[in-house]
1. For residue 226 and residue 47 in one chain, what is 0.36 nm times their gap in residues minus the Cα-Cα distance, to one decimal in nm?
2. Please say if the range 3-49 is rounded, prolate or oblate, where rounded means a/c under 1.5 for a ≥ b ≥ c the square roots of the C-alpha gyration tensor eigenvalues, and otherwise the choice is prolate for a/b larger than b/c and oblate otherwise?
3. Can you pull out the trypsin sites (Lys or Arg not before Pro) in the range 127-183 that DSSP calls coil and that have at most 12 other Cβ atoms within 10 Å?
4. Compute the separation of the alpha-carbon centres of the range 380-424 and the range 181-211 and state it in Å as a whole number.
5. Which aspartates and glutamates have a Cα less than 12 Å from the Cα of residue 188, not counting those fewer than 8 places away in the same chain?
6. Given an 8 Å cut-off on Cα distances and at least 6 residues of separation, report the relative contact order of the chain as a percent.
7. Provide the percentage of antiparallel DSSP beta bridges, counting only those with both residues in the chain; round to the nearest 5.
8. Counting only other residues whose beta carbon sits under 12 Å from that of residue 329, what net charge do I get with K and R as +1, D and E as -1?
Amino acid sequence: MLPSEIIRKKRNGESLTRDELRSFIDGYLRGDISDYQMSALLMAVYFRGMTFEETLTLTDLMLHSGSVVDLSSVPGIKVDKHSTGGVGDKVSLILAPMVAACGVPVPMISGRGLGHTGGTLDKLESIPGFRTNLSIDEYKAVIKDIGVVMMGQTKEIAPADKKLYALRDVTATVESIPLIAASIMSKKLAEGIDALVLDVKTGRGAFMRTYEESAELAKTLVTIGTMMGKHVIGFITTMDEPLGSAIGNWLEVVEAVECLRGEEVPQLMEVTYVLGGAMVMLGGKAPTLSEGILRCRQAIQSGMAYEKFLELIARQGGDVHYIEDLERYPIAEHTVPVITEVEGVIQSIDPVKLGYAAVELGAGRSRIDETIDPKAGIILRHHVNDRVEIGDALAILHTDRSDVITAVRNQVRQAFHIGPYPVTKPPMIQAQVDKDGVHPAGL
């Protein structure tokens, strides 16, 4: 099966067989198929799509390109959460210890930044000493000991996805339902979970911009998980503006820690509580979603979630002193305000522009091998429907790159649309998706 013939077949809109997909994936992992050939296939899939059967096959091949972890020795129902990616989305940092504090084991294998969105691994690795490159044995030991683990993909877990994930980021092939679905589910099904909660973003800052696309992706993910024997629930959540105020790795850790200590960041915590409540329900620690949300709130208010986060950091080699005293961390060489030149009400904030602005500041990658500066990023000083006067700071840039400041400052200023009146914002939780279809959130 010549790679060029498989690429041509998909380029022409034809369906690929299991043998064709297997030969391509296996050849890529062996090194017989090059990055440029795989990039060509990814672009063909991006434009031509895949049938559900192709997507299911691709997921299965990527899942079994490595090991599937057995966590049967860990008591309880193991539940994870996955987000399709957003700007300022630090939910996992709050949610994992919060749900674990409720008694539900949370084995979480996360990814790095992708396109304009940040990655949980990059955020965790901004904590000095924190290890995300655990072995499978270490992964199993941590979840067994403290009830939560957060790590990256190892060479054993869905290695095909690990290679494709990085390649998609730099070849503009991220926003494809089959590729997103296969990537998410191969990784999640390999980590030994019993159930999964999905956060499928929709809106201008999401990979799926429209509600219809997001619903299609959510249904695809839920169906794949259900067909593979897992209990899966998804939520379609709004990503029209950054989630919270911080964009950038250490800056987002700081905001997550503040939330774990009880600070109420409305939209961020609304999403966190709903996803966490669903995990607690699927984990058998609450009879309903509402009861699960209540348990999560209690875990935050009691301080148990924060203590579990400290325990997680210490167990995976991180220096908890930087969390207990956030001021210990070095700050960027330049902290530059972005000043508004007009007055009025902020009617929208473009999260994509801010996401790419953060990359320019050093908080993300434009190449696979690029190094991230954990200090870099953006702090928003105002949000949608806030009133601003001329001279107010819309945001603060954090960077060591003096040469990008002028351009990024203009880019960030352009991300804010200011008009004469407030706007009506969509609900943060737009729908719930399960094996029976898409339903109103019912919260």
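1. In short, 61.7 nm is gained.
2. It comes out oblate by the Cα gyration axes.
3. Here the sparse-neighbourhood loop sites are 155.
4. Taking the Cα centre of the range 181-211 as reference, the centre of the range 380-424 is 30 Å away.
5. Cα-Cα hits under 12 Å: 60, 80, 161.
6. Relative CO of the chain lands at 19 percent.
7. DSSP beta bridges in the chain are roughly 60 percent antiparallel.
8. Cβ neighbours under 12 Å give a net charge of -2.
Read the figures in this text as sums done on the coordinates, not as results from a lab. As the structure is a prediction and not an experimental result, all values here were calculated from the model. Reconstructed Cβ throughout: ideal geometry from the backbone, glycine too, with neighbour counts over all protein chains shown.
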